[in-house]
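Some notes on the structure that comes next.
The values are calculated or read from the model by the stated rules, or taken from the named source; none is laboratory data. Quantities reported herein were computed from a predicted structural model and do not represent experimental measurements. Using ideal geometry, Cβ is built from the backbone for each residue, glycine included, and neighbour counts are taken over all protein chains shown. Keep in mind that these areas ignore ligands, DNA and RNA; they rest on the heavy atoms of the full protein, side chains included. Shrake-Rupley method; radii C 1.70, N 1.55, O 1.52, S 1.80 Å.
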Amino acid sequence: MNNNKTFSDIKSEFPFFKKNRNLVFFDSAATSLKPKVVIDAVNKYYQNYSTNTHNLDFPLAIETKDIYESCRQDVADFIHSQKNEVIFCPSTTFALNQIAYSLGQYLKEGDEVVLTTCEHSSLLLPFYRLAQEKKIILKFIDVSTDGLITITNLKKILTKKTRIVAFASMNNSLGTINNVRELAKIVKNFKIEKKSQADWPFEKVLVLIDGAQSISHSMTNVSQWDIDFFTFSAHKLFGPTGIAVWWAKAKWLDLMQPLILGGGMNGRIYKDGKFTLLDPPDRFEAGTPNLAGIFGLQAAIKYVREIGIENIAQYERELKKYALEQFKKHLGDKVVVYNENQESGILLFNVLNVAAEDVANYLGHQKIALRSGNFCAKLLSEVINCASSLRVSFSIYNNKQDVDHLIAALQKGFNDGGDFLNEFFN
Ligand SMILES: Cc1ncc(COP(=O)(O)O)c(C=O)c1O
């Protein structure tokens, strides 16, 4: 890590813990906390700039626009892409809808889109709508019990009608990290059937990667992976909410239509109903962007780079390993863990014979914030064979004491009768 900083110093960089001193925060997979440098950057926009990127009539506004574009470059460097392939938008959800919408214009009845049952609803539903509207066929790769896509199962599902393969580089429930490069290679080597260039102008099967979870836990290299689309949200990368990125290979951007129309992206508008659009990336950024968010995202990328993605991943893996050891030692067969072998910072478990929601509520009263349910992956029960579970997601501001608190709180629950309902009646 740069600056001789250690992970024990990091927690103090998150103002959240000043107000929530004793809270153990295990919900970073939903949204990560923000370090002071990110909060300062957001404030800096409002205090010192507050101008619109669509106005370039005075020097301060030009400076704002320059910062906006320098953030685009920082994102490009971070994910290893070209600058003009990076598009800003409000969320991963928006990004996935945008991509599905524009690809939907080329999809025809009987074309196949391949997904997995571990995916977030923001990846599934835009394609479900296309399935309803265009009668495309949705297919699901068989994943292992801990969510992994294997080459064998991927090969099995591809057919001459496959047009898109879409999945998360790291899923948000089991924390499974898929080998994107290896899987994309299989997809790209697959020959599809097409009648003409107009039939499917994208040459091969397209690979869309939802990077919402992996962005802060593993290295992203869209060029090396040989994929077509990638998306992520700043708020899972220690950045602000309301700002996200989608990336597409430059040659595809020219084939895509924007989901949203408005200012800052059009060329000319004629009275006969015709209009022209600016080139990408502007074409896809209608309206006033979330400029404070951009300032914050830029600071977040700098922050993460200084710590180092590999250091983050290793630290989180160590915490998970420690948690697994403590679970075994103190809780034994009172709990079931669903993703023991996944080397990421997510631990998915259940207390046997107790509803996950009851445990989560009980732990909440013990000042432990974690998540119960299916985490917007509504088909997850197909993989782990239970409707609801508990997710601990580790981040850089967690430590072994946090794990010890979790174990102690679970033990207290067992000592309180084991139904984890006491807090409802107190
Ligand atoms: C894997 C995955 N995809 C997509 C999303 C949606 O991200 P957002 O809510 O920022 O649009 C999430 C958020 O939880 C996620 O974890």
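Ignoring ligands, DNA and RNA, what percent of the 1.4 Å accessible area of the range 40-306 is carbon and sulfur?
Carbon and sulfur: 51 percent of the exposed surface of the range 40-306.
Each other residue within a Cβ distance under 11 Å of Phe420 adds +1 if Lys or Arg and -1 if Asp or Glu, for a net charge of -4. When only the Cβ of Lys, Arg, Asp and Glu is charged (+1, +1, -1, -1), the dipole of the chain relative to its Cα centre reaches about 520 debye. Heavy-atom accessible surface of Cys386, to the nearest 10 Å², is about 30 Å², with a 1.4 Å probe and all protein chains retained.
Could you work out the relative contact order of the chain, using alpha carbon pairs under 8 angstrom and six or more residues apart, expressed as a whole percent?
Values: 802 pairs, mean separation 95.1, N = 426.
Rounded, it is 22 percent for the chain.
Applying 1/(1 + (r/R0)^6) with R0 = 25 Å to the Cβ-Cβ distance of Ile407 and Ala355 gives a FRET efficiency near 0.80.
Which whole-number percentage describes the relative contact order of the range 219-274, with Cα contacts under 8 Å and a sequence gap of 6 or more? It would help to have the intermediate numbers written out before the result.
On the way: 31 pairs, mean separation 12.7, N = 56.
23 percent.
Note the full-extension length gain between Glu133 and Ala369 as 0.36 nm times their separation in residues minus their Cα-Cα distance, in nm to one decimal.
Values: separation 236, 0.36 × 236 = 84.96 nm, distance 4.00 nm.
Fully extending the segment from Glu133 to Ala369 adds 81.0 nm.
The calculated 222 nm mean residue ellipticity attributable to helices in the chain amounts to -11000 deg cm²/dmol, summing -39500 (n - 2.57) over DSSP H runs of n ≥ 4 and dividing by all residues.
What FRET efficiency comes out for the pair Lys400/Arg305, r = Cβ-Cβ distance, R0 = 30 Å, nearest 0.05? Each step should come with its number before you reach the end.
On the way: r = 26 Å, r/R0 = 0.86.
The computed FRET efficiency comes out at 0.70.
On full extension, the segment bounded by Ser70 and Asp199 gains 42.7 nm, given 0.36 nm per residue less the C-alpha separation.
Legend: calculated FRET efficiency, Asn415 to Ala387, from the Cβ-Cβ distance at R0 = 25 Å, rounded to 0.05, equals 0.40. In the range 40-306, taking the dipole from charged Cβ atoms about the Cα centre, the farthest positive-side position among Ala286, Thr64, Ala168 is held by Ala168. Estimated at the nearest 10 Å², the accessible area of Val143 is 30 Å² with a 1.4 Å probe. Ranking of Tyr322, Tyr397 by solvent-accessible surface, largest first: Tyr322, Tyr397 (1.4 Å probe, protein heavy atoms only, all chains present). The modelled label-to-label distance for the pair Glu182/Asn22, using points 7 Å beyond Cα in the direction of Cβ, is 4.6 nm.
Among Ala212, Ala377, Ala408, the largest mean-square fluctuation in a Gaussian network model of the chain, built with springs joining Cα atoms closer than 10 Å, belongs to Ala408.
Within the range 40-306, the ratio Rg/Rh, alpha carbon atoms throughout and Rh by Kirkwood, equals 0.98.
Taking 7 Å steps out from each Cα toward its Cβ at Thr288 and Ser12 produces label points 3.9 nm apart. For a paramagnetic label modelled on Tyr322 (point 7 Å from Cα along Cα→Cβ), amide N atoms under 11 Å away belong, within the range 1-25, to 7-8.
Placing a label point 7 Å from the Cα of Leu56 along the Cα-to-Cβ direction, the residues of the range 226-267 whose backbone N falls under 17 Å of that point are 263-267.
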